[in-house]
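Before any comments, here is the structure.
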């Protein structure tokens, strides 16, 4: 007859299989049980409202920088639009995490950022040409500014919008899933 009671009169070591498999060092093929793949991690979540606010701030900063660069160089490039989109996407993806609506929000903000950047460049150019302040251009010539921007849209502008939207969606999704 065996005695399974704890103490000096019973067995000191548990029998094989009595407590189940014990964790050990990771196996050669991964860190899961028995060397398998590690268990999937839940997606990182964040604050959606704060992510949208960070995206709006990034959009305004990016649009301002975009406008100043385009006005000073007198050249527009798709890379400027992608830069605005990347700035917005980094802000939204970092703060918001893997929420599925955030890539769409970042895309819309990127398109608005490129439009605001182009309008900023036109406003700065108009202020230099008319030798008046930027505020006077916006208040006195705002409708002319919008009409001039719409009339001046070319195929290249739509390429900038397309690249910016594509970059914003992809970067936000990638950053949010990390």
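The values are calculated or read from the model by the stated rules, or taken from the named source; none is laboratory data. None of the values given here were measured: they were computed from a predicted structure. Virtual Cβ from ideal backbone geometry, glycine too; neighbours counted across all protein chains shown.
Scanning the stretch 76-93 for residues that are farther than 11 Å from residue 52 by Cα and modelled with pLDDT of 90 or more gives 79, 80, 81, 82, 83, 84, 85, 86, 87, 90.
Per the listing 104, 84, 68, the residue uniquely surrounded by 21 or more Cβ atoms within 10 Å (Cβ to Cβ), touching a helix residue (DSSP H, G or I) at 6+ places or on another chain (Cβ under 8 Å) and part of a helix (DSSP H, G or I) is 84.
Restricting 60, 73 to residues that are at negative phi, without any contact (Cβ under 8 Å) to a residue 24 or more places away in the chain and over 13 Å from the mean Cα position of the chain (by Cα) narrows the list to 73. The number of residues in the stretch 87-101 that are surrounded by fewer than 20 Cβ atoms within 10 Å (Cβ to Cβ) and assigned to a helix (DSSP H, G or I) comes to 2. In the stretch 41-52, of all residues being assigned to a helix (DSSP H, G or I) and either in contact (Cβ under 8 Å) with a residue 24 or more places away in the chain or touching a strand residue (DSSP E or B) at 6+ places or on another chain (Cβ under 7 Å) (or both), the one that is surrounded by the fewest Cβ atoms within 10 Å (Cβ to Cβ) corresponds to 50. Mind listing just one residue for me: the one in the stretch 147-170 that is modelled with pLDDT under 95 and within 14 Å of residue 116 (Cβ to Cβ) and, of those, surrounded by the most Cβ atoms within 10 Å (Cβ to Cβ)? Only one residue fits best here, namely 160. Inspection of the stretch 139-153 identifies no residue that is under 15 Å from the mean Cα position of the chain (by Cα), outside any helix (DSSP H, G or I) and on the phi < 0 side of the Ramachandran plot.
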